[in-house]
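As structure tokens, the structure follows; a few thoughts come after it.
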Amino acid sequence: MSVTLHFHGAAGTVTGSCYRVVHPGGQFLIDCGLFQGNRSVRDLNLKPTPFDPTAIDFLLLTHAHIDHAGLLPKLYREGFRGPMWMTEPTAGLLEYLLPDSASIQESEAERETKKHARRGEEPAKPLYTLEDANEALQHRETTGYAQWITPGPGVRARYWNAGHIIGSASVEVEVMDTDGKPVTILFSGDIGPDEKVFYKEPEGPAGFDYILSESTYGGRERDDYTLVQRRESLKTEINEALRRGGNLVIPAFAVERSQELLHDIGYLIKTGEISPQLVFLDSPLASKVTSVYRKYAKMFDDVELSADELFNDPRFRIIEAVEDSKAINTIRGGAIIMSASGMADAGRIQHHLRNNLPRGNATVLFVGYQAPGTLGQVIQSGAKEVRIHGTLVPVRARIRSMGNYSAHADHSELMAWIKERLPAHGAIFLTHGEDEERTALRAALVTSGLAGDQVVLPQLDDFFELRANGIAAVIHPATPRIDPAQMATDWHNQFADFTIRLSQRLNTASDVDKLRVMKELQAKLSELGGDTTPPVSTLTAPRESQSVDE
């Protein structure tokens with residue numbers, strides 16, 4: 001029996017990471033993430049799992065982001081009972097992220113059930129429940145970096161710091177084939193940029209039969225910056241916001257970005273470069289996640305500001321209670337207010353925006369990508385008013401943006417990471433990226449002479465025979481779960497039908513009704529993928545724990 005590698009997610013998309021290795025001694029998974037994006041991509045979460053979960057021996061998890069771990073409760077719901085291996089910080093993050101994701105699944109099912117009831121249909125069922133999430137959490141096993149583990153017969157694995165979020169890892173795997181020869185594979189997970197506060201740059205050995213590399217930023221470079229430059233930019237934004245006399249509101253994701261912002265703000269306070277009256281982190285999930293960062297503070301790579309100094313500053317207020325969150329709205333100036341979600345489409349940030357957007361002396365600072373159709377994107381694009389909780393809110397606040405808090409390596413950093421891992425005797429697989437980005441990364445690898453022509457772009461449910469020092473031809477499944485061409489056709493048909501009906505309504509609508517119609521159009525665009533072209537997996541705005549950090 002040969003060793004085969006199956007791509008059940010993150011193949012032609014940025015989400016749903018899931019790889020299965022079948023070998024003479026059994027089979028195992030690397031990651032099991034939630035698909036996020038337009039409706040066609042999200043529907044993949046609802047389709048039957050393309051393998052038997054009860055036949056899986058164990059799982060190796062690269063990190064805690066929901067697009068890598070979000071289907072773990074579903075896996076256990078369907079009968080998987082093997083151990084999940086991960087780093088200790090990842091285990092700590094899952095303690096909060098999986099139950100939060102389960103509560104979102106349950107609440108969304110409740111909303112759908114109400115719609116079904118009006119149509120006389122059966123109640124909607126959640127993708128998984130809190131009980132399923134708690135079951136998954138019982139099976140966590142932890143390991144340190146650079147330590148060999150033997151999770152199953154004929155398999156060895158080591159974890160290496162990936163520099164993406166706390167606890168993130170690239171996973172090195174050795175699998176014995178039928179002839180007793182080791183097939184060596186490196187799964188990148190998500191690779192972080194060179195400049196990170198909390199840990200060292202990505203690490204790992206060189207020389208494998210096969211390398212799987214993420215390609216999220218393939219062909220794309222962020223503006224050059226160093227940690228010093230990033231803090232200088234943040235200092236400028238904060239001081240200008242405080243000079244204006246109002247509050248500074250920052251929509252931020254609960255995992256990583258909030259903690260990096262807190263650290264930069266704490267450093268600028270320590271060095272006397274800014275002096276806000278109060279700094280709020282108002283998010284129950286971000287508060288819980290921050291507790292994980294505090295617990296594993298020894299992993300922090302920045303010695304300029306210790307974790308104790310950072311989290312014990314009297315001006316810092318980490319908010320969980322609803323009453324304390326409401327009390328923030330009585331503060332009219334001098335405060336920095338960070339809250340989730342990062343795209344402003346859900347959570348407590350909407351209350352703070354509703355309270356501060358009408359104030360001409362307030363500032364809103366976006367520190368990450370705002371997907372088309374989200375409230376954050378609408379504000380960022382220059383809208384004069386936005387609807388929050390059913391009320392039109394005028395936008396008089398100063399709107400600003402910074403892009404230097406991404407947790408992903410850009411094109412040059414990905415190239416450097418791959419170069420340091422070479423040679424790849426068999427092939428390099430590019431995953432976890434849209435086709436445009438991974439095609440650009442493939443072209444760069446080939447033209448640079450780093451990888452010959454063995455750079456493969458697997459599609460969903462493709463699988464490959466793996467051999468020591470070689471690769472067999474791709475074997476396509478008989479019934480793929482997703483047909484990109486059909487997705488494009490469906491998208492165009494839905495959008496064309498919807499716009500025809502809207503045009504008919506606009507011809508006879510009053511000015512007030514026209515505004516309502518345009519809001520419907522915006523919501524439909526977000527639902528279909530957020531653009532007027534048919535992307536295969538364009539990211540739309542996920543709920544807080546489901547965010548895909550850039």
With both bridge residues required to lie in the stretch 1-121, what share of the DSSP beta bridges run antiparallel, to the nearest 5%? 65
Amide N of the stretch 179-198 lying under 20 Å from the label point, which is placed 7 angstrom from the Cα of T271 along Cα→Cβ: 194-198
For the stretch 78-206, what value does the Rg/Rh ratio take when both radii are computed over Cα atoms and Rh is the Kirkwood radius, given to two decimals? 1.12
With r as the distance between the Cβ atoms of L46 and D179 and R0 = 41 Å, compute the FRET efficiency 1/(1 + (r/R0)^6) and round to 0.05. 0.50
Quick check on my link table: of K288/K326; K74/K419; K47/K114; K196/K295, which ones sit more than 30 Å apart, alpha carbon to alpha carbon? K74/K419
So for the stretch 306-450, considering every pair of alpha-carbon atoms, how many percent are separated by more than 20 Å? 62
Run through every distinct alpha carbon pair of the stretch 160-292 and return the Kirkwood hydrodynamic radius in angstroms, one decimal place. 17.8
Once the whole set of protein chains is in place, how much accessible area is left on W160, using a 1.4 Å probe, in Å² to the nearest 10? 40
Reference-scaled alpha-carbon Rg (2.2 N^0.38 Å with N residues) for the stretch 95-168: 1.67
Which cross-chain or sequence-distant (5 or more) residues have an amide H under 5 Å from the amide H of V183, H modelled 1.01 Å from N in plane? V175, M176, D177
Rounded to the nearest 5, the percent of DSSP beta bridges in the stretch 121-246 running antiparallel is 80
The stretch 10-77 and the stretch 243-281 have their Cα centres apart by a whole-number Å value of 36
Which peptide among 320-329, 10-19 comes first, and what is the full order, when sorted by highest mean count of other Cβ atoms within 10 Å? 10-19, 320-329
All alpha-carbon distances of the stretch 1-105, grouped into 10 Å bins from 0, give the whole-percent distribution 15, 49, 31, 4, 0
Can you give the accessible area per residue of the stretch 169-293, in Å², using a 1.4 Å probe? 31
Hey, quick one: spin label on T391, modelled 7 Å out along Cα-Cβ, who in the stretch 234-269 has an amide N within reach, i.e. under 19 Å? 247, 249
Checking rank on 466-473, 202-209, with mean other Cβ inside 10 Å and highest first, the result is 202-209, 466-473
For Y405, Y296, what's the largest-to-smallest order of accessible area, 1.4 Å probe? Y296, Y405
Order of 289-295, 117-123 by packing, highest average Cβ count within 10 Å first? 289-295, 117-123
If I take R0 = 25 Å and measure r between the Cβ atoms of S448 and D223 in this structure, what FRET efficiency does the formula 1/(1 + (r/R0)^6) give, to the nearest 0.05? 0.65
Percent antiparallel among DSSP beta bridges (both partners in the stretch 110-185, rounded to 5): 95
Between S306 and D194, what's the calculated FRET efficiency when r is the beta-carbon distance and R0 is 25 Å? Round to 0.05. 0.65
Taking the Cβ of P73 as the center, what net charge do the other residues with Cβ under 12 Å away carry, scoring Lys and Arg +1 and Asp and Glu -1? -4
Charge dipole (debye, nearest 20) of the stretch 50-147; +1 at Cβ of Lys and Arg, -1 at Cβ of Asp and Glu: 320
From the protein chains alone at 1.4 Å, what is the descending order of accessible area for L130, L414, largest first? L130, L414
Between the stretch 328-386 and the stretch 181-204, what's the alpha-carbon centroid distance in Å? 34
Based only on Cα atoms, what Rg/Rh ratio does the stretch 214-335 have, Rh being taken as Kirkwood's radius? 0.98
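The values are calculated or read from the model by the stated rules, or taken from the named source; none is laboratory data. Predicted model only: the values in this text are computed from it and were never measured. No Cβ is skipped: glycine too gets one built from the backbone with ideal geometry, and neighbour counts run over all protein chains shown. For accessibility, only protein heavy atoms count, side chains too; no ligands or nucleic acids. Shrake-Rupley method; radii C 1.70, N 1.55, O 1.52, S 1.80 Å.
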